[in-house]
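**Student:** Would you mind keeping the following structure in view while I ask a few things?
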Amino acid sequence: KGKGKGKEKGKGKRPRSGGEFEEEIQVSTEGIDPDFGLRAKLVGEGGRNVRHVEEQTRCVVSVGHDDGDGVLRITVSAADQAALNSGREMCEDLMKTVLDEAGVSRKRGRTAPEGKGKGKGKRKAPNDSEGRAAKAHKTE
């Protein structure tokens, strides 16, 4: 081996820890078909999803394997709290998207308004005996 050809160098190598701030997100695998490939969907083709989160937030993201306990763990680490918060938020959004694709709905740790909301729906009006809204009539 020549100079600079040690083990620590190589394509695709990245630091295992992004800093002193670290958080673990646990994803229950209960009710998800093992053939769905939950971890593969979270990581993305060629690590695309993880790399995107890392590039956008300056975090290091690690997606573990389900060790048979029914929980898959996503570890997010960063040098500062703001980066950690951004990384966690992006990972939670990714997790929600993948779980929706799997046909499993899960509540996030925090509830934040999403989308446009429920809208107004049908307006209540004075009802007749069968619960139908009364029609307005023009008078001339």
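The values are calculated or read from the model by the stated rules, or taken from the named source; none is laboratory data. If you're wondering where the values come from, they're calculated on a predicted model, not measured in any experiment. Reconstructed Cβ throughout: ideal geometry from the backbone, glycine too, with neighbour counts over all protein chains shown. Calculation scope for accessible area: heavy atoms of the full protein, side chains included, ligands and nucleic acids excluded. Shrake-Rupley method; radii C 1.70, N 1.55, O 1.52, S 1.80 Å.
**Student:** Residue under question is Thr139, and the condition is that it be open to solvent by 60 Å² or more (accessible area, probe 1.4 Å), out of contact with any Leu (no Cβ under 8 Å at 6 or more places or on another chain), at pLDDT 60 or above and not in a loop (DSSP other than H, G, I, E, B); does it hold? Spell out the reasoning first.
**Tutor:** Working: open to solvent by 60 Å² or more (accessible area, probe 1.4 Å): yes; out of contact with any Leu (no Cβ under 8 Å at 6 or more places or on another chain): yes; at pLDDT 60 or above: yes; not in a loop (DSSP other than H, G, I, E, B): no.
Here the answer is no, as Thr139 does not meet what is asked.
**Student:** Sticking with this structure for a sec: Out of the residues in the stretch 7-37 meeting the condition of being in contact with a helix residue (DSSP H, G or I) (Cβ under 7 Å, 6 or more places away or on another chain) and farther than 13 Å from Val60 by Cβ, tell me which one is modelled with the highest pLDDT.
**Tutor:** Kept after step one, since they are in contact with a helix residue (DSSP H, G or I) (Cβ under 7 Å, 6 or more places away or on another chain), are these residues of the stretch 7-37: 21, 23, 25, 27, 29, 32.
Within this subset, residues satisfying the condition of being farther than 13 Å from Val60 by Cβ are 25, 27, 29, 32.
Values: Ile25: 94, Val27: 91, Thr29: 90, Ile32: 88.
If we take residues in the stretch 7-37 being in contact with a helix residue (DSSP H, G or I) (Cβ under 7 Å, 6 or more places away or on another chain) and farther than 13 Å from Val60 by Cβ, then Ile25 is modelled with the highest pLDDT.
**Student:** To continue, here is another question. Identify the residue in the stretch 17-69 that is in a helix (DSSP H, G or I) and among the polar types (S, T, N, Q) and, among all such residues, is surrounded by the fewest Cβ atoms within 10 Å (Cβ to Cβ).
**Tutor:** Our first condition is that a residue be in a helix (DSSP H, G or I); within the stretch 17-69, this holds for 34-36, 38-43, 45-57.
From the residues that got through so far, the ones that are among the polar types (S, T, N, Q) too are 49, 56-57.
On the way: Asn49: 21, Gln56: 12, Thr57: 22.
Among them, the one singled out is Gln56.
**Student:** May I pose another question? Pick from the stretch 70-79 the residues that are assigned to a strand (DSSP E or B) and of a type outside the set (Lys, Arg): which of them is surrounded by the fewest Cβ atoms within 10 Å (Cβ to Cβ)? First the steps, then the outcome.
**Tutor:** Step one: of the stretch 70-79, the residues assigned to a strand (DSSP E or B) are 71-78.
Within this subset, residues satisfying the condition of being of a type outside the set (Lys, Arg) are 71-72, 74-78.
On the way: Val71: 14, Leu72: 20, Ile74: 24, Thr75: 18, Val76: 27, Ser77: 21, Ala78: 25.
The selected residue is Val71.
**Student:** Among the numbered conditions (1) at pLDDT 95 or above; (2) out of contact with any helix residue (DSSP H, G or I) (no Cβ under 6 Å at 6 or more places or on another chain), tell me where Val61 comes up short.
**Tutor:** Against the list (1) at pLDDT 95 or above; (2) out of contact with any helix residue (DSSP H, G or I) (no Cβ under 6 Å at 6 or more places or on another chain), Val61 comes up short only on (2).
**Student:** Tell me which residues, restricted to the stretch 55-89, are of a type in the set (Asp, Glu) and free of Cβ contacts under 8 Å to residues at least 12 places away in the same chain.
**Tutor:** Filtering the stretch 55-89 down to residues of a type in the set (Asp, Glu) leaves 55, 66-67, 69, 80, 89.
Across the stretch 55-89, the qualifying residues are Glu55, Asp67, Asp69, Glu89.
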